[in-house]
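These notes concern the structure reproduced below.
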Amino acid sequence: MLGSCLGVSGQDDRGHWEWIVAGRVIAMTWAIGLFVANAAAAAPVCAPGQPEMPSMFLPRSEPAEIILEITWLVFGICAVIFVIMEGLIIWAIIRYRQRRDEGDSGEPPQIYGSNPIEFAWTVIPLLIVFILFLVSARGIFEIDKQEPPPGSLEVTVVGHRWWWEFDYGELGFVTANELHLPLTKDGEAQSVYLTLESADVLHSFWVPQLAGKKDVVPGRTNHLWLKPRQMGTYVGQCAEYCGNQHANMLITVYVHSEADFDRWVANQQLDAAQDDSVAAGHDLFMQTACINCHTIRGTVADGTFAPDLTHLMSRSVLGAGAAANTPDRLREWVWDPQNIKPGCDMPSMKLSRHETDLICAYLETLK
Ligand code: HEC
Ligand SMILES: [Cu+2]
């Protein structure tokens, strides 16, 4: 009966059922394989100290764990349904195939209206959807905190084209592109509450190992809750296309021990270093338009359009991951950032090579 529905009853199609079964089995193996391979690819293969693969299958923070649990549950339920359904289809194809000794016996008997069957295939899916709904709702409720959990570290994240500003609010300093967090506070796991804002267009803050993706929307304030479980370096990126340098809008999150974090904070809170040996570069910087865009705390430079440079040397990258923060790359950047990050919002300042060297010598003291 089912054989005819699947179009394998005609004389010419005799024998085609083997192909259909083979096709089904290949499709099934492929679908399951794809998912499992994805999960397996997340296995850490990096050198020590290097960030792990930024995979949602390697959660290192409570909300990311909750999301992965829901993922596995949904996958498990779908996998069971998939295997049962495919099994029944393959069984039907084989069981009801047209055999050689049977002629074309015309249309198979048609059966209408079986209440128990109708009932079963209405109620079972309803139950499954209901369970999935409840589990997802509970997960969303746990993750989506409207108020900072008590004792949270609060940081305001501002998405700019094409870099991230991290404002540590009460702690009294602002930094860029690299978010530093403590694993614990007074021995207890530290919860982190991010307030997400945009300075221009839509962006999206996404560090897959720490939390789900959250859009950063102009004119609107969103929140994201993190609770890291393990020290380490976690990478992420802007996940909403925001213009030509969107791909160079990376995020690095460092989760430190409490003592290391406190040391980092104490350094960030200091005003910029003053070193007379680089006075020429300092003066040149302060006389150039650099100060309209950049802040260096403790100097006249108080621009807020661009990354705060007070402790530039405490960061490992320039231009939100466009280049490593090495002396050579820094010179290239200050000489003409458009070579490194074409289209970015810092123009070439048309300095001479000598002026570039002087300014960079000064910037290199901003530890
Ligand atoms: C018109 C505003 C503007 C001016 C003027 C300007 N910059 Fe920038 N600068 C930016 C912006 C915007 C960025 C971030 C670009 C990005 O990552 O997309 C930036 C990034 C940088 C960075 C990298 C910071 C980081 O953490 O990634 C350095 C270093 C820097 N500028 C130095 C300078 C110096 C030195 C001058 C003066 C010679 C200067 N800038 C003048 C806007 C400006
Ligand atoms: Cu983007």
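The values are calculated or read from the model by the stated rules, or taken from the named source; none is laboratory data. For clarity, every value in this text was computed on a predicted model and none was experimentally measured. As a convention, Cβ positions derive from the backbone with ideal geometry for all residues, glycine included, and neighbour counts pool all protein chains shown.
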Count, please, the residues in the range 178-197 that happen to be in contact with a His (Cβ under 8 Å, 6 or more places away or on another chain) and part of a strand (DSSP E or B). 7
Within the range 262-309, track down each residue that is surrounded by 18 or more Cβ atoms within 10 Å (Cβ to Cβ) and among the charged types (D, E, K, R). Arg297, Asp308
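So that you can scan it fast, the table gives a plain yes or no per residue for (1) within 11 Å of ligand 2 (Cβ to nearest atom); (2) within 21 Å of Glu62 (Cα to Cα); (3) modelled with pLDDT of 95 or more:
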position	(1), (2), (3)
Leu202	yes, no, yes
Phe205	yes, yes, yes
Val217	no, no, yes
Arg220	no, no, yes
Val235	no, yes, yes
Tyr241	yes, no, yes
Leu250	yes, no, yes
Mind telling me which of the residues Ser348, Ser314 ends up being assigned by TED's automatic domain parsing to the domain that holds His282, polar (S, T, N, Q), over 30 Å from the mean Cα position of the chain (by Cα) and surrounded by fewer than 16 Cβ atoms within 10 Å (Cβ to Cβ)? Ser348
Say we look at the range 240-260 and pick out the residues that are assigned to a strand (DSSP E or B) and either under 28 Å from Cys344 (Cβ atoms) or of a type in the set (S, T, N, Q) (or both); which of these is nearest to ligand 1 (Cβ to nearest atom)? Leu250
Checked against (1) over 30 Å from Trp335 (Cβ atoms); (2) out of contact with any strand residue (DSSP E or B) (no Cβ under 8 Å at 6 or more places or on another chain), Gln190 satisfies every condition except (2)
Looking only at helices (runs of 4 or more DSSP H) that fall completely inside the range 261-367, which ones have 3 or more residues that are closer than 29 Å to Gly232 by Cα and modelled with pLDDT of 95 or more? 327-335
Report whether or not Thr71 is farther than 20 Å from Gln209 by Cα and either at pLDDT 80 or above or loosely packed, with under 11 Cβ neighbours inside 10 Å (or both). no
Go over the candidates Ala137, Ala189, Ala211, Ala176 one by one and state the one that is farther than 30 Å from Tyr96 by Cβ and outside the structural domain of Gly232 (by TED's automatic domain parsing). Ala137
If the Cβ limit is 6 Å and pairs must be 6+ apart or interchain, which residue in the range 187-212 that is over 17 Å from Tyr168 (Cβ atoms) pairs with which residue that is aromatic (Phe, Trp, Tyr)? Val207/Tyr234; Gln209/Tyr234; Leu210/Tyr234
Within the range 125-145, is even one residue within 16 Å of ligand 2 (Cβ to nearest atom), surrounded by 11 or more Cβ atoms within 10 Å (Cβ to Cβ) and more than 30 Å from Asp186 (Cα to Cα)? no
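Taking the range 171-199 only, how many residues are charged (D, E, K, R) and either surrounded by 20 or more Cβ atoms within 10 Å (Cβ to Cβ) or at pLDDT 95 or above (or both)?
Number of matching residues: 2.
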